[in-house]
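Note sheet for the following structure.
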Amino acid sequence: MTASELRNLVRIWDLSVVEDTGIADSKYGRILNQLDYHANREWSVYLPALHPDYDNSYIARLANWIGNISDESDQKLLLEYALYISFISHNDFLSLYSTALNREIMPWITSLRNIRLDCPNFHDEVRLQIHDHTWYCPISDSMDINEFCKINHLSGISHKPTFLTLEKFGDIDKIKVYVREKKIKQIVLLEDIVGSGTQSKPAIKWAIDNIKIPILFVPLILCPEASGILDGLEAYSGGTFHYRPVIKIQKNELLGPNRPPNEGIIIADRIEAFVEKMARIHNLDQNSKFGYNNTGSSLVMFSNTPDNTLLLVHHESPDWVPLFPRVYRGEI
Amino acid sequence: MNININPFQQLFLSDDVQTESSFVELFSDEVLQSAINPIFQGGGNVVLKGTQGCGKTMVLNLLRPKTRISYYKLGQKFPVQDNMTKFVSAGINLTQSGIAKLVQVTLGDSDAADCSKLPHYFADFFNYIVVKDILDNIKTIGMNGDVFDNLVNLSKKDDFAKCLVGNECWFGSLNGIKTFDELNVKINDRILFYKKWLNGNLDDLSQYPEIHSSKTNIGEPISQTAVCLRYVGVIAEDVPVLIRIDQIEELHRAFSKRQQNILLSFRYMLNRVFALRNSNVCYCAATRPYGWDKPDCLNVWGSDAKLENRRDYNIVDMDKELFLNTESTKSIFGRFAIDAFQKRILYYFKNEVGSTNINKNLAKSVFGESPSPVKRLGELKIDLSDPQIDRILGLNLVEDKGKWSTEWIKFLRRLFKTTHEGMLNATLAAAWGRQTGGANSKLEHRQSPPPDDTPWIHRKWWRKERLNQAVLQLMTRSQQRFMWWGLEDILSLSGGNITVFLHICHRVWDAFLKNESSLPVNKRTDLLTGGMIDHRIQASGIQFASNEWFEKLPEEPRGNSRQMFIEKLGVLLNESILRDLSMSYPGGNGISISFNEYKTTKLKNNLLIDFMEDAVGYGVLIKREHTSRSKNVGMRIKFYISNILCPRFQIPETMTKEPLYWSVEKLYEFVKKSKVFLLDSSNIIQRKSNDDQLLLRFEDPES
């Protein structure tokens, strides 16, 4: 379906009597209007769609995505759901980086190092710890650690390896020497989004086991399912490891088996029923129809769509065009 | 055509002070002479009354010297008759000047004291703002002698200053001033004092006894300024001095009982300038209906008198006098709107096409003609099976069982299947069949065979009154919305309000641009050279605009209540029109109340009247008086939902025939069911003022 056809369809929907009400509330026109607004602004940059194989225009992709199905009520449902998908833009991430430092990392360090507010050298002490004695590293390469440091004007320790790589290839002795030489007193690990926690867990556990200094893990966005794993790691560490997400997704914001009954967005039941139907028709993996591990997220980032997000948003096949195409990473 | 520009993006140009030059290009003066003339001819106070966005402020802006200068620079004729262009003006916008914020300060005594004393400060502040504006404008006019035909003689300005300061109306506050520039500084100082006070930058007013003891009487310094200008020869004796007062309704936007009382006192004080009927100056005011129409708005401070129309002021009701008949392109409003549309396009697309090349009636070519009732059905795609036709015409309703003969049913089905016109005629014929032909007759027409003379076609007025209802019933029962499109429909939905018209244009143009952006370049439509916006795009844009207007209702004070009421009323009227299969009440898109009942003085009805009048004043309802269909029963008042809201509620906006007759009790019950709380000001819970709230007590107050 083209964008023009989608607009025509939305007009037809609004000019039709659907429910038994006298009110012509331009429901679908208003949804499309909002999507138009975002499409021309923050949603206009979605990195995977910049590839020549895809259309960079959100509205064009939306039209094709809705055109995946022919049933009108399902088409309307997809349009409604499109407005519920949370798009975290590049600008949003820049704000998350600032918030991570100011709201999560700094209080942790001042508490950890017992730097009191009434200390005469408060600012100097904090600055010293933040810049010179804290090692900022990403868990994986999807976290843009360089941007994080630039936005927050963080200087100091220059090497910032991904801890997933370190865990796989790192020489722990060399790492310990580096920690000693650079006078690193605490580590801050960051990740853009943590879904189930299965990817982050080995790297964090390795750090706890081998680099015996305080570690703070700051996932910018954390899904509920990962909380259990991270709580477990906190207990395992005996107090050297803590985690503080910047945004914590609530269970009632998910879809699928992880959503509490009778909670969630208004169209939750209908979307879940639709996903079940599509999974049957397209023979999808039952364990991932609501995203990896059936997490049930409705998140998209400007850089990629997490695999925890509903399959219908990013799934690609001869029979299905994605709204937000996803770039799959190899096995970690 | 540039598809990135929406020429209707900015609705309220009059509020943008940077648009003097664009004012000239966009202001549509052609048809507003009947509003402009009373203002410029002097000789009496004039009040321009009209709903939001009808153009009042734009008309008053013609009084500003900078506007006149813009016309001159652009080589355009000033749109005021030549014999009325010699005047000096000044003014105040009660919103932009901040003067209404005086309600937020206190003299530190009690609310009652504030109520009795603050109006005098209001009067003083008002005087100084207006006099300052006169001085500024005198200077501007004097320095642009070529524009104003040397209307002002600035060589006498210091003499004027000396004349003015000597007047006792200032109570000595201007003593010692010798020059025009010194006068300006002193006037500015007083204004600055008030601004500081409003911003809480002054601690205690008692530290400024010179202010307290020199408060001026409202209007008096302004009058004396005009006298001195003429006496000294700065202006000629016959040059009128016209004072603008804009947004009087600001004095009726109260959010608490205290504010309400004090603002009303300010209003009474302001009314004095009208009541004085001072021959030295003329006041030209602009107000929305809710800022003028209530009887208690017209009291005069310090007197038992009320302002009287025709004596103290002349009112120009822009909604009624200029813009009442709105559907026709030839009506005043129609010409005004078409001209405003043309000017907007020329302004925003002037680089693309010269004004000589452009279509002379763009509104007509862009929107096209509005459809006839048959054409409105043009989109209908109906399954023409017999059961479907029976359902659409309501022939299979339980309550109708056995009442339709086989002959009638076959006749209607046959008629329905012919054409769209046949569908319409079948709907009307079915309605006719259900009617009895009069109050005294009990025999429905369908009890006889279908007549050959087809009265549903040939009884012209019977048919005309029911066409829209028939279309609405037909479309709704065919799962389609009633659609509006074309210039006449847009003018009609605008309801005589230019801002509504531009809002509709904005949304329709926006829908058009979005559609165009999805099309390849060679398939796009050029509206500047005769292209028309597709009627479905217009229809959905109009529906969108209607919904947006509905969502705006809570922006005004007590707007939530009005929104809830309108929502309920709209749904009820729509249901009523749809269920009226016999079309006995083709005018059922409104309600009618007995005039006497409506004006009764019982408490609940006073509150009800306030609520309904507020709804009219804020442009949510339209009110008209009419005579009853029954003889000797007297006058009635009918209320309709504002035209722009009709697409949302799927109600035809045209006002034909008698609306639904309600008693005032029924209206009251309906208002209550809408969960509207009719506010009695005496029941508003008053918070006791607690001085302790102003103090930050860290210690126990007992210690």
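The values are calculated or read from the model by the stated rules, or taken from the named source; none is laboratory data. Quick caveat: nothing in here was measured; it's all calculated off a predicted structure. Methodologically, a virtual Cβ is constructed for each residue, glycine included, from the backbone with ideal geometry; neighbour enumeration extends over all protein chains shown. For the accessible areas, the whole protein counts, side chains as well, though only heavy atoms, and no ligand, DNA or RNA atoms are used. Shrake-Rupley method; radii C 1.70, N 1.55, O 1.52, S 1.80 Å.
Computed across segment A:254-332, the Kirkwood hydrodynamic radius from all distinct Cα-Cα pairs reaches 12.9 Å. In the P(r) worked out for segment B:58-199, what percent of Cα pairs fall beyond 28 Å? In whole percent, the long-distance tail amounts to 33.
In whole percent, and with a 1.4 Å probe on the protein chains, what portion of the accessible area of the protein assembly as shown is carbon and sulfur?
Working: 22870 of 46940 Å².
Carbon plus sulfur share of accessible area: 49 percent.
Summarising the overall dimensions of segment B:373-477 from its C-alpha atoms, the Rg and Dmax are 13.1, 40 angstrom.
Shape analysis of segment A:90-248 places it in the rounded category; the axes a ≥ b ≥ c from the Cα gyration tensor give an a/c below 1.5. The mean sequence distance of close C-alpha pairs (under 8 Å, at least 6 residues apart), as a share of the length of chain B, puts its relative contact order at 15 percent. Measuring between their Cα centroids, segment A:1-31 and segment B:232-253 lie 51 Å from each other. Taking the Cα centre of segment A:90-248 as origin and assigning +1 to Lys and Arg Cβ atoms and -1 to Asp and Glu Cβ atoms, the resulting dipole is close to 420 debye.
Count Lys and Arg as plus one, Asp and Glu as minus one, and take only other residues whose Cβ is under 12 Å from that of B:Lys673; the net charge is then +2.
Label separation (A:His38 vs B:Asp136): 4.5 nm, computed from points 7 Å beyond Cα along the C-beta direction. Ellipsoid semi-axes for chain B, based on the Cα gyration tensor and the rule √(5λ), read 55, 32, 22 Å when sorted largest first. Each Lys and Arg adds +1 at its Cβ and each Asp and Glu adds -1 at its Cβ; summed about the Cα centre, segment B:33-321 shows a dipole of about 500 debye. Just the projected area, averaged over all directions, of the convex hull on the alpha carbon atoms of segment A:232-283: how many nm²? It is 5.8 nm². Think of segment B:33-321 as a dipole: +1 on every Lys or Arg Cβ, -1 on every Asp or Glu Cβ, centred on the Cα centre; then among B:Val59, B:Gly166, B:Leu307, B:Val59 lies furthest on the positive end.
Buried between A and B is an accessible area of approximately 2100 Å², summed over both sides with a 1.4 Å probe.
Shape descriptor for segment B:245-324: Rg over Rh equals 0.97 (Cα atoms; Rh from the Kirkwood inverse mean 1/r).
Taken residue by residue and averaged, Cβ atoms of other chains lying within 10 Å of the Cβ of A:3-16 number 5. Mind jotting down a quarter of the surface of the convex hull over the alpha carbons of chain A, in square nanometres, one decimal? The Cα convex hull of chain A, projected and averaged over all directions, gives 20.0 nm².
Among A:188-195, B:523-530, B:204-211, A:100-107, the peptide with the highest mean count of other Cβ atoms within 10 Å heads the list, and the full ranking is A:188-195, A:100-107, B:523-530, B:204-211. As a quick test, which of the pairs B:Lys568/B:Lys638; A:Lys27/B:Lys514; B:Lys294/B:Lys330 have an alpha carbon distance above 21 angstrom in this structure? Distance filter (> 21 Å) returns B:Lys294/B:Lys330. The alpha carbon centroids of segment A:38-112 and segment B:446-506 are separated by 44 Å. Scattering from segment A:48-92 was approximated by placing one identical point on each alpha carbon and applying the Debye formula without solvent; log10 I(q)/I(0) at 0.14, 0.15, 0.30 1/Å stands at -0.41, -0.47, -1.09. Geometric descriptor of segment B:47-130, per residue, is 142 Å³ (volume of the convex hull of the Cα atoms).
Between B:Lys401 and B:Phe171, the simple spin-label model (points 7 angstrom out along Cα→Cβ) gives 8.5 nm. Taking chain B as a whole, the Cys residues whose C-beta sits 4.7 Å or farther from every other Cys C-beta are B:Cys54, B:Cys115, B:Cys169, B:Cys282, B:Cys284, B:Cys297, B:Cys505, B:Cys646. Net charge in the neighbourhood of B:Gly75 (other residues with Cβ under 14 Å of its Cβ; Lys, Arg +1, Asp, Glu -1) is +1. For the peptides B:417-423, B:275-281, A:10-16, the ranking by packing is A:10-16, B:275-281, B:417-423, with the highest mean count of neighbouring Cβ atoms within 10 Å listed first.
Roughly how many Å² is the accessible area per residue of chain A, as a whole number, for a 1.4 Å probe?
Heavy-atom SASA per residue in chain A reads 46 Å².
Here B:Lys410 is the anchor, and the aspartates and glutamates within straight C-alpha reach of less than 13 Å, apart from those fewer than 8 places off in the same chain, are B:Asp386, B:Asp390.
In the protein assembly as shown, helical runs assigned H by DSSP with n ≥ 4 each contribute -39500 (n - 2.57); averaged across all residues and rounded to the nearest 500, the mean residue ellipticity at 222 nm is -13500 deg cm²/dmol. Taking 1.306 mPa s as the viscosity and 10 °C as the temperature, the Stokes-Einstein diffusion coefficient of segment B:497-573 based on its alpha-carbon Kirkwood radius rounds to 110 µm²/s.
Nothing charged except the Cβ atoms of Lys and Arg (+1) and of Asp and Glu (-1): what's the magnitude of the dipole of segment A:266-332 about its Cα centre? Round to the nearest 20 debye.
With only Lys, Arg, Asp and Glu charged at Cβ, the dipole is about 80 debye.
Exceedance of the 22 Å cut-off in Cα-Cα distance is limited, within the set B:Lys195/B:Lys257; A:Lys160/A:Lys205; A:Lys201/A:Lys248, to B:Lys195/B:Lys257. Mean per-residue shielding of peptide B:509-515 is 3, counting Cβ atoms of other chains within 10 Å of each Cβ.
Among the residues of B:570-581, the average count of other protein chain beta-carbon atoms within 10 Å of the residue beta-carbon is 1. Ranking B:Ala363, B:Gln342, B:Met483 by Cα position along the charge dipole of chain B, where only Lys, Arg, Asp and Glu carry charges on their C-beta atoms, puts B:Met483 farthest toward the positive end. Ordering A:Tyr97, A:Val10, A:Asn210 by Cα displacement along the dipole of chain A toward the positive end leaves A:Asn210 in first place; charges were set at the Cβ atoms of Lys, Arg (+1) and Asp, Glu (-1).
Could you tell me how far the Cα centroid of segment B:269-291 sits from the Cα centroid of segment B:96-131, in Å? The distance from the Cα centre of segment B:96-131 to that of segment B:269-291 comes to 18 Å.
Over segment B:538-660, the Kirkwood radius and the radius of gyration, each from Cα atoms, give a ratio Rg/Rh of 0.98. The local environment of A:Ala100, defined by Cβ-Cβ distances under 15 Å, has a net charge of -1 under the rule Lys, Arg +1 and Asp, Glu -1.
Altogether, the Stokes-Einstein calculation at 37 °C and 0.692 mPa s, with the Kirkwood radius of segment B:33-321 over Cα pairs as Rh, returns a diffusion coefficient of 168 µm²/s. Here the convex hull built on the C-alpha positions of the protein assembly as shown has a volume of 257 cubic angstrom per residue. Could you tell me whether segment A:92-184 comes out rounded, prolate or oblate from its Cα gyration tensor? Rule is a ≥ b ≥ c as square roots of the eigenvalues, rounded for a/c under 1.5, then prolate if a/b exceeds b/c, otherwise oblate. It comes out oblate by the Cα gyration axes. Straight-line cross-link partners of A:Lys174 among the aspartates and glutamates, defined as a Cα under 20 Å from its Cα and at least 8 positions apart when in the same chain: A:Asp132, A:Asp209.
Separation of the alpha carbons by more than 22 angstrom is noted, of B:Lys343/B:Lys623; B:Lys381/B:Lys417; A:Lys168/A:Lys251; B:Lys320/B:Lys657, for B:Lys343/B:Lys623; A:Lys168/A:Lys251.
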